[in-house]
Amino acid sequence: MLLTKYTHACVRLERDGHVLVLDPGNFSEVDRALDGAGTVLITHEHEDHVDRERLPSAILAMPELQVYGPAGVAEELRALVPEAAARIHASDSGTRFSVPGFDVRTFGGQHALIHPHIPMVANIGYLINDEVYHPGDSFIVPHGLQVPTVLVPIHAPWSKVGEVIDFVTAVRAERAFPIHDGLLNSAGKGIVEKHVKSFGERYGTRYEHLEPGQSVTL
C-alpha cells in the first residue's frame, strides 16, 4: 500500500489500483489527492478536514466516488450535491465496512476538547486494512489490536506536545508519520518531531517525517 501525505491532515492511500483519501481539507492539495480516488473518508466537520468547495465539485465530476463521514458532515454534503446523495454515507464509531480495495474500521466518536465554550463535534478515527490509523482530531487509541502505522496529529489548538507524545507511546505502532502540522513553521515542527521521535523509539515506534507530496510504501 502506498501512502502519500499532503499538506496538513490529508492522506492518500493506493492499493491494487484503488485509491482512498482521508480528510481532503482546505489546507490541502485536494484536486491532486482526489485524482482517481474511489473513496473519501472524512473524520469531522472542520474545514481543514473537509473542503466544502472542492470536494462537492469532485463528487459531481467523479460518478464512482463514494464519501463517508459523520452524520452531520454527510447531511451537509448531501444538501450541497443532492444529485449524489446516494453516494454520501454517514459513518459512526465502532463499525466495520468495506470499500473497493480497502477494509475500514472506525473508532472514537468525538473531537478533542478545544475549550469548554466551543461546542464539541463528532469525530471518527479510521483504521484502514488493519494497517493505517488516522485519528482525525483526537488522541483516541484503537482498542483490542496492534496498529502497525499511526498518523500523528503533530499540532493543533486542542493539543500540547506532551499529549502528542502520550498518544504515540500509547498506540505503540511500528511506524508513525505526521499529520495536522499545517499550523507550524519548520522550526516549530522540528521541535515537536524531535520529541515524538525520541520518546517513540523508547516504546518501539519509528517516527518518520514526511513532506507534503512525499510517498512511502507500507
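What do you reckon, is VAL50 at pLDDT 95 or above, open to solvent by less than 10 Å² (accessible area, probe 1.4 Å) and under 24 Å from PRO142 (Cα atoms)? Yes; evaluated as a whole, the condition is true for this residue. Across the stretch 56-80, the qualifying residues are those that are under 17 Å from GLY38 (Cβ atoms) and not in a helix (DSSP H, G or I), and the one among them that is most open to solvent (accessible area, probe 1.4 Å) is GLU64.
Taking each residue of the stretch 191-216 that is over 16 Å from HIS180 (Cα atoms) and looking for partners that are among the small types (Gly, Ala, Ser) with beta-carbon atoms closer than 8 Å, six or more apart or interchain, yields GLY200/ALA176; THR205/ALA173; THR205/ALA176; ARG206/ALA176; ARG206/GLY200.
In summary, GLY69 fulfils each of the numbered conditions (1) over 13 Å from the mean Cα position of the chain (by Cα); (2) within 24 Å of GLU14 (Cα to Cα) with the single exception of condition (1).
Tell me, please, whether a residue that is within 18 Å of ARG12 (Cβ to Cβ), without any contact (Cβ under 8 Å) to a residue 24 or more places away in the chain and surrounded by 14 or more Cβ atoms within 10 Å (Cβ to Cβ) can be found in the stretch 149-161.
The first filter runs over the stretch 149-161 and keeps only residues within 18 Å of ARG12 (Cβ to Cβ), leaving 149-153.
Then keep just the ones that are without any contact (Cβ under 8 Å) to a residue 24 or more places away in the chain; that gives none.
No, the stretch 149-161 contains no residue that is within 18 Å of ARG12 (Cβ to Cβ), without any contact (Cβ under 8 Å) to a residue 24 or more places away in the chain and surrounded by 14 or more Cβ atoms within 10 Å (Cβ to Cβ).
Set side by side, the residues VAL40, VAL11 differ, and just one is in contact with a Lys or Arg (Cβ under 9 Å, 6 or more places away or on another chain) and of a type in the set (A, V, I, L, M), which is VAL11.
Which count do you get for residues in the stretch 9-27 that are touching a Gly at 6+ places or on another chain (Cβ under 8 Å), outside any strand (DSSP E or B) and buried (at least 24 other Cβ atoms within 10 Å of the Cβ)? Steps first, answer last, please.
At the first step, the residues of the stretch 9-27 found to be touching a Gly at 6+ places or on another chain (Cβ under 8 Å) are 9-10, 15-20, 23, 27.
Checking which are outside any strand (DSSP E or B) leaves us with 9-10, 16-17, 23, 27.
Still in the list and also buried (at least 24 other Cβ atoms within 10 Å of the Cβ): 9-10, 23.
Count: 3.
Given the criteria surrounded by fewer than 21 Cβ atoms within 10 Å (Cβ to Cβ) and among the aromatic types (Phe, Trp, Tyr), does PHE97 qualify? Break it down stepwise before answering.
Working: surrounded by fewer than 21 Cβ atoms within 10 Å (Cβ to Cβ): yes; among the aromatic types (Phe, Trp, Tyr): yes.
Spelling it out, PHE97 is indeed surrounded by fewer than 21 Cβ atoms within 10 Å (Cβ to Cβ) and among the aromatic types (Phe, Trp, Tyr).
The values are calculated or read from the model by the stated rules, or taken from the named source; none is laboratory data. Given the structure is predicted, the values throughout are model-derived calculations rather than measurements. Reconstructed Cβ throughout: ideal geometry from the backbone, glycine too, with neighbour counts over all protein chains shown. Keep in mind that these areas ignore ligands, DNA and RNA; they rest on the heavy atoms of the full protein, side chains included. Shrake-Rupley method; radii C 1.70, N 1.55, O 1.52, S 1.80 Å.
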